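The values are calculated or read from the model by the stated rules, or taken from the named source; none is laboratory data. Only a predicted model underlies this, so the values are computations on that prediction, with no experimental measurement involved. Cβ coordinates were reconstructed from backbone atoms using ideal geometry, including for glycine residues, and neighbour counts include every protein chain displayed. The area values use the complete protein model at the heavy-atom level, side chains included, leaving out ligands, DNA and RNA. Shrake-Rupley method; radii C 1.70, N 1.55, O 1.52, S 1.80 Å.
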Amino acid sequence: MQNKSKELEVAIQAAQEAGKILEKYFETEILKEFKEDNSLVTLADRESEEIIKKIICEVYPNYCILGEETGYTNNKSDYTWHIDPIDGTRNFANGLPFFALSIALERKNKIIVGVVYNPVTRSLFYAEAGKGAYLNDKRIFVSKDGKDHAIITVDPGKKDEDKKFRRILQHNLPATFVCSIRDLGSTAVELAYVARGGLEANIQLGLETYDFAAGTLLVQEAGGKITKLDGSPWVFPENKFIASNGVFHDLLVAEVKKQKAKLKI
């Protein structure tokens, strides 16, 4: 991308520097800890978020920041950085290369900058509102495949009913609707793959903004479509949505609504 904004350049720099930390710890005997919600955290998560915030705050000290490990810093700004230092920590901690750093900049409920970086595969995805989506400086676009050849992913929510709905979708959709369901264990990676045409859709059932903020911009700038689960317009930070290549989006919405009606939720 030519004429990157300063915000995007800083986000890329922060992601690449934090990526060096993840490379250092990947496939080592890193200490694993569990939070109250049973999610995993490692020393690498904390060090990664620390360096990302340090680099960003040196240039934008007055912007708000929401980080997975350090919470929300409210500087009463219209701008907020959403930071996930490792999206897919369980994969990372177990030596599986499906994880990424995710950094996004929001202004008044609109994501204007997004970066997703996997240092193991050297995959640097980035996007800026109105300027397209890129992988390692090459423009990317969503796939053109329809539902009969589609691979989709379904990411869990926090509530029990959302987890139950996810299991229903994972079981029923490949049997009646699409070619295949995958679970890559990283929302940021999955949305980035939708953007580059590796997946055809991703269904979100209630995660945190730092999990999906950057990825949603990638999908939109790559020519994809995002709506709420019922097909109505999606606006950030709504955390239940369908992101797809747009080819069979309406059919997928109808199928999700049909499956949801069976559960009466």
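What does the C-alpha gyration tensor say about the overall shape of region 1-82? Classify as rounded when a/c is under 1.5, otherwise prolate if a/b is larger than b/c, or oblate. Oblate is the answer for region 1-82, as a/c is 1.5 or above yet b/c matches or exceeds a/b. Positive end of the dipole of the chain, charges at C-beta (+1 Lys, Arg; -1 Asp, Glu), about the Cα centre: which of 218, 232, 88 has its Cα farthest in that direction? It is 232, whose Cα lies furthest towards the positive end. For a test of the definition: using alpha carbon positions, the gyration tensor, and the 1.5 limit on a/c, classify region 1-143 as rounded, prolate or oblate. Since a/c reaches 1.5 but b/c is at least a/b, the shape of region 1-143 is classed as oblate. Between 178, 116, 219, the Gaussian network model of the chain with springs among Cα atoms under 10 angstrom shows the greatest mean-square fluctuation at 178. What a 1.4 Å probe finds exposed on the chain is 48% carbon and sulfur by accessible area, rounded to a whole percent.
Note on region 119-241: with charges restricted to the Cβ of Lys and Arg (+1) and Asp and Glu (-1), its dipole about the Cα centre is near 160 debye. Pairs exceeding a 32 Å alpha-carbon distance, out of 76/258; 108/257; 4/108; 24/164: 76/258; 24/164.
Taking a straight Cα-Cα cut-off under 17 Å and skipping sequence neighbours fewer than 8 places away in the same chain, the aspartates and glutamates within cross-link reach of residue 131 are 7, 9, 106, 221.
Packing here is the average count of other Cβ atoms within 10 Å per residue, and on that basis the peptides 51-61, 90-100, highest first, run 90-100, 51-61. Count Lys and Arg as plus one, Asp and Glu as minus one, and take only other residues whose Cβ is under 11 Å from that of residue 179; the net charge is then -1. Taking a span of 27 Å or more along the helix axis (Cα atoms) and a mean Kyte-Doolittle hydropathy of at least -0.5 as the rule, the DSSP H helices of the chain that qualify are 6-25.
Taking the dipole about the Cα centre of region 14-140, with the C-beta of Lys and Arg at +1 and of Asp and Glu at -1, give me whichever of 114, 44, 65 is farthest to the positive side. Selected residue: 114.
Averaging sequence separations of C-alpha pairs under 8 Å and six or more residues apart, then dividing by the length of the chain, give the relative contact order as a whole percent. Show your work: numbers first, answer last.
Values: 592 pairs, mean separation 44.3, N = 265.
Once normalised by length, the contact order is 17 percent.
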